[in-house]
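Read through the structure below, which is laid out as structure tokens, and then see the notes.
Bear in mind that the values in this text are calculations on the coordinates, not laboratory data. Predicted, not measured: the structure shown is a model, and the values here were computed from it. Note: ideal-geometry Cβ built from the backbone for every residue, glycine included; neighbour counts use all protein chains shown.
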Amino acid sequence: MKNSYSNIFSFNKKILNKTIKNLNKSNVAGLPTETVYGLGGNAYSKISIQKIYKLKKRPLSNPLIIHYHNFKDALNDIKINENFKKLYKYFCPGPITFILEKKYNSKIHPLASAKLNTVAVRFPKHKIIRTILKEIDFPLAMPSANKSSKVSPVKAKDVFDEFKKKIQLIIDGGICKIGIESTVIDLTGSPKILRPGIIGKNTIEKVLKKKIKYNIRGKKIKSPGMMKKHYSPGIPVLINQKKYDGKSAFIYLGNKYKNKRNFFSLSRNLDLNEAASNLYKIFRLIKIKGYKKIQIGKIPNLGSGIAINDRIQRASKS
Ligand code: TXA
Ligand code: MG
């Protein structure tokens, strides 16, 4: 069924077929996942990959995540290992991305993985994307559906705001439950978290029964997505703020400024998962309301707070 935006569609059998047809023709589509909306295209098709980079204005040096229905499909393209098997079994489908070595005969177009010999693979959980992945016979290269360095979309309408009618099809899968991007973990050597997410270091350590490290801002940039400028709402962001300046939008955690103008709580009851899920929604809301600056109070650096701090630190650098 069509709604007021002529390229946003609710999901049904007809739209599923339309989506598959589109993807088969190397077109790209705005698709929901449990983390954020993605801009998906055939990972084996040069044309699709080129369209994705062009629409996002993404540097060709920043590789894309390749999405599969299950690990059996991924075996065509990646070499798996024991750490992968354990984490897959425990978390997938779910909000985690694995960096693995690429098979020499993989059909993933080299542009999609920025000519690296590694690939980022993910097995998303959202029902709609799983239905699509089950029906097509190629994986989907799918970065977040935003212009490079901007805030990821968490609603179909956010995707529309990024690309307007430049994409033919956006599927409305409701608001993304998790609301920030997947945890990215490099499994090519001893496991390292490259991008923190809702699935945290402690949980991963429990599953692997060993200590792991972060390599988020290491000198040697393993993931070009670790570039400084990222997640920018398009206005200045100041973090670890103690004092309200009287005119900015102020983002905080808790209930202290309930109903007070210009104050936006990420979570009234200090739930850090809820806070993460509200972050991009509130960034976009603040921008729409016309504020010129965002101040953010201190966010505890534990659990999902680590992922929140990662995103807001980078937003503050843009
Ligand atoms: O939750 C998510 O992961 C969303 C949804 C749509 O699945 N996707 C997403 O994609 O966030 P994107 O392109 O916005 O972020 C992909 C991240 C980037 O930081 C990129 O540099 C990193 O994954 N990446 C991709 N391939 C890599 C590789 N071979 N080695 C290291 N990092 C890689
Ligand atoms: Mg992104």
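Two decimals is fine: what is log10 I(q)/I(0) at q = 0.11, 0.17, 0.24 Å⁻¹ for the stretch 98-170, from a Debye sum with one equal scatterer on every Cα and no solvent?
-0.37, -0.86, -1.24
Work out from phi, with θ = phi - 60° and the Karplus expression 6.51 cos²θ - 1.76 cosθ + 1.60, the ³J(HN,Hα) of each residue of the stretch 111-117, listed in order in whole Hz, and give x for Gly and Pro.
Rounded to whole hertz, the list is 4, 5, 10, 6, 6, 7, 9.
List every residue whose amide H lies under 5 Å from the amide H of residue 151, counting only residues 5 or more places away in sequence or on a different chain, with H placed 1.01 Å from N in the peptide plane.
Residues meeting the criterion, in which the H sits 1.01 Å from N, are 232.
Assuming R0 = 51 Å, what is the FRET efficiency of residue 70 and residue 240, from their Cβ-Cβ distance, to the nearest 0.05? Provide the component values of the computation, followed by the final result.
Working: r = 42 Å, r/R0 = 0.82.
According to the calculation, E is roughly 0.75.
Does the stretch 1-133 classify as rounded, prolate or oblate by the C-alpha gyration tensor (a ≥ b ≥ c root eigenvalues; a/c under 1.5 gives rounded; else a/b over b/c gives prolate, otherwise oblate)? Display every interim value, and only then the final one.
Values: a/c = 2.02, a/b = 1.35, b/c = 1.49.
The shape class here is oblate.
Amide H to amide H, which residues 5 or more places from residue 238 or on other chains are under 5 Å from it, using H placed in the peptide plane?
The list, which skips near neighbours in sequence, is 294, 295, 296.
With respect to the cross-link table entries 25/281; 13/165; 79/115; 127/147; 127/165; 127/298, which display a Cα-Cα separation exceeding 27 Å?
25/281; 127/298
Could you tell me whether the stretch 174-296 comes out rounded, prolate or oblate from its Cα gyration tensor? Rule is a ≥ b ≥ c as square roots of the eigenvalues, rounded for a/c under 1.5, then prolate if a/b exceeds b/c, otherwise oblate.
Working: a/c = 2.43, a/b = 1.80, b/c = 1.35.
It comes out prolate by the Cα gyration axes.
Taking all pairs of different Cα atoms in the chain, averaging 1/r and flipping that mean, what Kirkwood radius in angstroms comes out? The partial results should precede the final answer.
On the way: mean 1/r = 0.0502 Å⁻¹.
Final number for the Kirkwood radius of the chain is 19.9 Å.
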